[in-house]
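Note sheet for the following structure.
Please treat every number below as a calculation from the coordinates, not as lab data. Note that this is a predicted model, so its numbers are computed, not measured. Positions of Cβ are generated from backbone atoms using ideal geometry, with glycine treated the same way; all protein chains shown enter the neighbour counts.
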Amino acid sequence: MRLPLLLCVLALAGSPSLTQAKAPPAASPEAPCPSDRHEKVPVDPESVVDRMLSQPVVDVLPFGGAMTRPERIRGELPRYTPEALAARVEGTMLLQCTVHVTGEVNDCRVLKPLKYLERDVLKAVESWRFKPATLNGKPVPVRYTLTVEMKLPSTR
């Protein structure tokens, strides 16, 4: 993924249009062109490449193989919405989320929805914290399928 971006940066960095860009003529002689207000900054391709290569690449892995499962360690359970209570919605909601090495959850996608509950379940799940998945004893970020069971509260 870095290579196409790197090639694009290098191609643009050598282009005179980046450092010598001319603004199009203004609509009227009195009105200044908006691009005249910004200073043109020359791009040093070597510093751009050095910055890109110094940043760690974090690939999110699909869960499986010899990985240990991420384990939820805290977070509130989803709450029923008034609409879901009135419609007596129960069941299993499936989400695919990224669980990071820090235990944070984000980038969730609903695989199996439950009517009137999607937004509240997503909000709750993204507040959860996990013990991260591990591979060869080291924490790794993973795409993981989470199962959320929703049961109506008893009315006793």
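Can you say whether Y80 is touching a helix residue (DSSP H, G or I) at 6+ places or on another chain (Cβ under 6 Å) and not in a helix (DSSP H, G or I), as far as the supplied structure shows? Talk me through it step by step, then tell me what you get.
Values: touching a helix residue (DSSP H, G or I) at 6+ places or on another chain (Cβ under 6 Å): no; not in a helix (DSSP H, G or I): yes.
When the stated conditions are applied, Y80 does not pass them.
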Exercise. Taking the residues in the range 127-156 that are under 15 Å from P70 (Cβ atoms) and of a type in the set (V, I, T) as candidates, determine which candidate is nearest to the chain's Cα centre (by Cα).
Key: V142
Quiz item: Scanning for something among the β-branched types (V, I, T), within 17 Å of the chain's Cα centre (by Cα) and part of a loop (DSSP other than H, G, I, E, B), does the range 93-101 turn up at least one residue?
Solution: yes
Practice problem: Determine whether the range 71-88 contains at least one residue that is within 18 Å of A133 (Cβ to Cβ), of a type in the set (F, W, Y) and surrounded by 15 or more Cβ atoms within 10 Å (Cβ to Cβ). | Solution: no
Quiz item: Given the conditions (1) surrounded by 15 or more Cβ atoms within 10 Å (Cβ to Cβ); (2) at negative phi, and given that G103 satisfies all but one, which numbered condition is not satisfied?
Solution: (2)
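Take the residues in the range 111-156 that are among the hydroxyl-bearing types (S, T, Y) and part of a loop (DSSP other than H, G, I, E, B), then tell me which one is surrounded by the most Cβ atoms within 10 Å (Cβ to Cβ). Step through it out loud before you land on a result.
Taking the range 111-156 as the starting set, the residues that turn out to be among the hydroxyl-bearing types (S, T, Y) are 116, 127, 134, 144-145, 147, 154-155.
Within this subset, residues satisfying the condition of being part of a loop (DSSP other than H, G, I, E, B) are 116, 127, 154-155.
On the way: Y116: 16, S127: 13, S154: 5, T155: 4.
Among those residues, the one meeting the criterion is Y116.
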